[in-house]
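Working notes, beginning with the structure itself.
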Amino acid sequence: MLQNLLPEGLPVTKQWLAKQTPDFDRHALDNLVKSRQLTPLASGVYIRPGTHLTWQGVVAALQTIFRTDLTVGGLTALELQGFAHYLPLSRQHAVHLYGKNALPTWLQNALPSVQLVRHSSLNSLGGAGLLTWEYDINERSFVASDIPGQRASAWPFTMSSPERAYLEVLNEVPDTISFEHADQLLQGMTTVSPRRMEQLLRKCTSVKLRRLFYWMAERHSYAWLKKLPKPEALDELGLGSGNRVLARGGRLDTKYHITVPEDMWTQVAPTTDKSGS
């Protein structure tokens, strides 16, 4: 019975177990741990014995069992969806999560080869641009499940769409993401949805983010850019006023009123029209 209840690869809490059956009281849980039918990760947190714990399973549990607001976004969401081919080398694989809730302290030891990095979410975007995916426990992979009529998984996994994820990356420029890295990422994003991107830009209240997105996008000749509204037509916020210093010692772009790196200013954007959707 216990093996049927406990999902492979997902940590659970004693509160979650108690909701599954009244038999799992404190005394029963202690006996299950002593008999090695349950493996404790931390106080009140358990996994199946011998389970293969992955960051994907942990995130699925954080969203579904622990009920946090943490979602996969930024560089990690772009990587999972095939857009991040230029990633920094590191001993630990970084997984970027966005939300208000803090990461549980037990995760520090549970996934030694993974660095879970929490970022503050772009509050103005709300739930716009979030996709629900299935997490296949057996295959440890993802299947998009935001298509009407597709089977819903028992363990949904929410992450940022490519459009939202790219705005999350841009929000980190230049503090933790370089101009060059952000530009490299955009070079591969030929299939951006202009409908979804427009929705996100209309919700976005960050003047810096709006300006930087349009400056970056104009460096490339994607068809989807032509389908987006002019920045001043988004709403009453538009591009705001005043200059923003994003690259110290850089050059001021007089159209978007942001300072950009001198070496990127001198680069010539491609002139060929690239296909989009």
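Below is a table of values for the structure above.
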| quantity | calculated |
| --- | --- |
| Selection from the range 95-116 of residues that are over 19 Å from Leu10 (Cα atoms) and not in a loop (DSSP other than H, G, I, E, B) | Tyr98 |
| Qualifying positions in the range 24-54 - open to solvent by less than 20 Å² (accessible area, probe 1.4 Å) and in contact with a strand residue (DSSP E or B) (Cβ under 7 Å, 6 or more places away or on another chain) | Leu38, Gly44, Val45, Ile47 |
| The lone exception for His220 - which of (1) surrounded by 15 or more Cβ atoms within 10 Å (Cβ to Cβ); (2) out of contact with any strand residue (DSSP E or B) (no Cβ under 9 Å at 6 or more places or on another chain) it fails | (2) |
| Filtered residues of the range 214-258 (kept if farther than 14 Å from Pro174 by Cβ and among the hydrophobic types (A, V, I, L, M, F, W, C)) | Ala217, Ala223, Trp224, Leu225, Leu228, Ala233, Leu234, Leu237, Leu239, Leu252 |
| Selection status of Ser160, at pLDDT below 55, surrounded by 14 or more Cβ atoms within 10 Å (Cβ to Cβ) and within 19 Å of Thr64 (Cα to Cα) | no |
| The listed residue being modelled with pLDDT of 85 or more, touching a Lys or Arg at 6+ places or on another chain (Cβ under 8 Å), under 25 Å from Phe83 (Cβ atoms) and not polar (S, T, N, Q), out of Leu186, Leu234, Leu225 | Leu186 |
| Among (1) buried (at least 21 other Cβ atoms within 10 Å of the Cβ); (2) out of contact with any Ser or Thr (no Cβ under 7 Å at 6 or more places or on another chain) - the single one Trp106 does not satisfy | (1) |
| Residue match in the range 137-150 (condition: surrounded by 14 or more Cβ atoms within 10 Å (Cβ to Cβ), modelled with pLDDT of 95 or more and closer than 19 Å to Ala84 by Cβ) | no |
| Residue check, Leu252 over 15 Å from Met197 (Cα atoms), modelled with pLDDT of 80 or more and not in a loop (DSSP other than H, G, I, E, B) | yes |
| Residue in the range 83-93 that is open to solvent by 60 Å² or more (accessible area, probe 1.4 Å) and touching a strand residue (DSSP E or B) at 6+ places or on another chain (Cβ under 7 Å) present | yes |
| Pairs with Cβ under 6 Å, 6+ apart, first in the range 209-231 and assigned to a loop (DSSP other than H, G, I, E, B), second surrounded by 18 or more Cβ atoms within 10 Å (Cβ to Cβ) | Lys227/Pro194; Leu228/Pro194 |
| Residue list for the range 7-50, restricted to those being in a loop (DSSP other than H, G, I, E, B) and closer than 23 Å to Thr105 by Cβ | Pro7, Gly9, Leu10, Pro11, Leu38, Ser43, Gly44, Arg48, Pro49 |
| Criterion: open to solvent by 20 Å² or more (accessible area, probe 1.4 Å) and closer than 14 Å to Val260 by Cα - qualifying residue of Lys208, Lys203 | Lys208 |
| Test result for Gln115, crowded, with 19+ Cβ neighbours inside 10 Å and under 18 Å from Met159 (Cβ atoms) | no |
| Members of the range 43-60 that are hydrophobic (A, V, I, L, M, F, W, C) and touching a residue at least 60 places away in the same chain (Cβ under 8 Å) | Val45, Trp55, Val59, Ala60 |
| Yes/no for Thr76 being of a type in the set (Ser, Thr, Tyr), surrounded by 14 or more Cβ atoms within 10 Å (Cβ to Cβ) and under 14 Å from the mean Cα position of the chain (by Cα) | yes |
| Residues of the range 174-208 that turn out to be farther than 20 Å from Lys255 by Cα and not in a helix (DSSP H, G or I), as a count | 10 |
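The values are calculated or read from the model by the stated rules, or taken from the named source; none is laboratory data. Computed from a prediction, not measured in an experiment: that's the story for all the values here. Note that each Cβ is placed from the backbone with ideal geometry, even for glycine, and that neighbours are counted across all protein chains shown. Accessible surface areas use protein heavy atoms only, side chains included; no ligands, DNA or RNA. Shrake-Rupley method; radii C 1.70, N 1.55, O 1.52, S 1.80 Å.
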